[in-house]
Amino acid sequence: MMIKIICVAYERPVPMCGLIDSLIVQTNPNWELNIIHDHTASLSILEVIELHNDERVNYFESETRTQNYGHLNRKMMLERMPISQDFLLMTNDDNYYVPVFIDKMLKECSSDVGMVYCDSVHSHFDYDHHKTKIKVDHIDIGSFIVRVDIAKEVGFNGVEFNADGYYAENCLAKCKEHGLREVYIPKPLFVHN
């Protein structure tokens with residue numbers, strides 16, 4: 001079992017370097033990062049990708065500039081992802097994860113679990129501990145994983161600012177519909193910038 005990651009990006013090479021570094025130092029190596037840059041990237045972005053010569057890091061560019069919080073690129077990448085019972089994490093290029101994030105999240109995954117979420121240290125709250133709830137405006141897209149098959153069934157259809165919150169709510173509802181449990185880890189395992 002692994003965590004497949006969709007990361008939306010746009011011209012932030014330094015934070016993106018931090019995100020990739022935070023994944024490379026994970027204590028559990030079972031992850032795959034799929035970066036989707038919002039249209040053609042600058043040389044500095046391409047240098048960051050080249051610097052991180054890791055077979056788990058894949059890089060893509062959208063055909064056009066969407067300029068909508070990355071939501072259309074999330075949708076496109078989710079639609080391309082093969083159905084599996086691996087877990088999916090959606091994140092942004094300026095987030096980073098503590099070294100045990102993958103390990104702690106995957107340890108909670110079993111055949112009856114559909115969603116796992118954790119707390120964060122969040123910039124919107126002056127870099128304070130943010131207690132996550134599966135509710136719009138109470139969850140960051142980078143703080144939860146959901147089974148890929150559930151995520152694909154839900155789809156990512158919103159374009160407004162808080163579409164990630166609705167996506168989280170819909171994923172939880174779909175998990176319950178399928179008799180799958182949610183697991184909450186009350187520890188800040190990721191940092192939102």
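The values are calculated or read from the model by the stated rules, or taken from the named source; none is laboratory data. Predicted, not measured: the structure shown is a model, and the values here were computed from it. Cβ sites come from the backbone with ideal geometry, for glycine too, and all protein chains shown count toward neighbours.
Results for (1) in contact with a Lys or Arg (Cβ under 9 Å, 6 or more places away or on another chain); (2) modelled with pLDDT of 95 or more; (3) under 15 Å from D93 (Cα atoms), shown as yes or no for each residue.
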{"site": "E32", "(1), (2), (3)": "yes, yes, yes"}
{"site": "I35", "(1), (2), (3)": "no, yes, yes"}
{"site": "T40", "(1), (2), (3)": "yes, no, no"}
{"site": "E50", "(1), (2), (3)": "no, no, no"}
{"site": "N53", "(1), (2), (3)": "no, no, no"}
{"site": "R65", "(1), (2), (3)": "no, no, no"}
{"site": "N68", "(1), (2), (3)": "no, no, yes"}
| query | Here is a list of conditions, (1) among the polar types (S, T, N, Q); (2) under 20 Å from N73 (Cβ atoms); (3) at pLDDT below 95, and S143 meets all of them except one; can you say which number that is? | reply | (3)
| Can you name the residue in the range 149-162 that is modelled with pLDDT of 95 or more and of a type outside the set (V, I, T) and is also nearest to the chain's Cα centre (by Cα) among such residues? | A151
| remark: If we keep only residues of the range 163-193 that are of a type in the set (A, V, I, L, M) and under 18 Å from the mean Cα position of the chain (by Cα), then the residue surrounded by the most Cβ atoms within 10 Å (Cβ to Cβ) is A168
| Taking the range 99-127 on its own, how many of its residues are basic (K, R) and free of Cβ contacts under 8 Å to residues at least 12 places away in the same chain? | 1
| Taking the range 24-53 on its own, how many of its residues are assigned to a loop (DSSP other than H, G, I, E, B), more than 17 Å from G70 (Cα to Cα) and out of contact with any helix residue (DSSP H, G or I) (no Cβ under 6 Å at 6 or more places or on another chain)? | 5
| remark: Requiring at least 3 residues that are closer than 18 Å to E32 by Cα, out of contact with any Lys or Arg (no Cβ under 7 Å at 6 or more places or on another chain) and among the charged types (D, E, K, R), the helices (runs of 4 or more DSSP H) wholly within the range 90-193 are 101-107
| Tally of residues being small (G, A, S) and surrounded by fewer than 17 Cβ atoms within 10 Å (Cβ to Cβ) across the range 135-162 | 1
| Close pairs (8 angstrom Cβ cut-off, 6 or more residues apart or separate chains): of a type in the set (G, A, S) in the range 19-36, surrounded by fewer than 17 Cβ atoms within 10 Å (Cβ to Cβ) anywhere | S22/P99
| message | Residues that are touching a residue at least 24 places away in the same chain (Cβ under 8 Å) and in contact with a Phe, Trp or Tyr (Cβ under 7 Å, 6 or more places away or on another chain): does the range 7-14 have at least one? | response | no
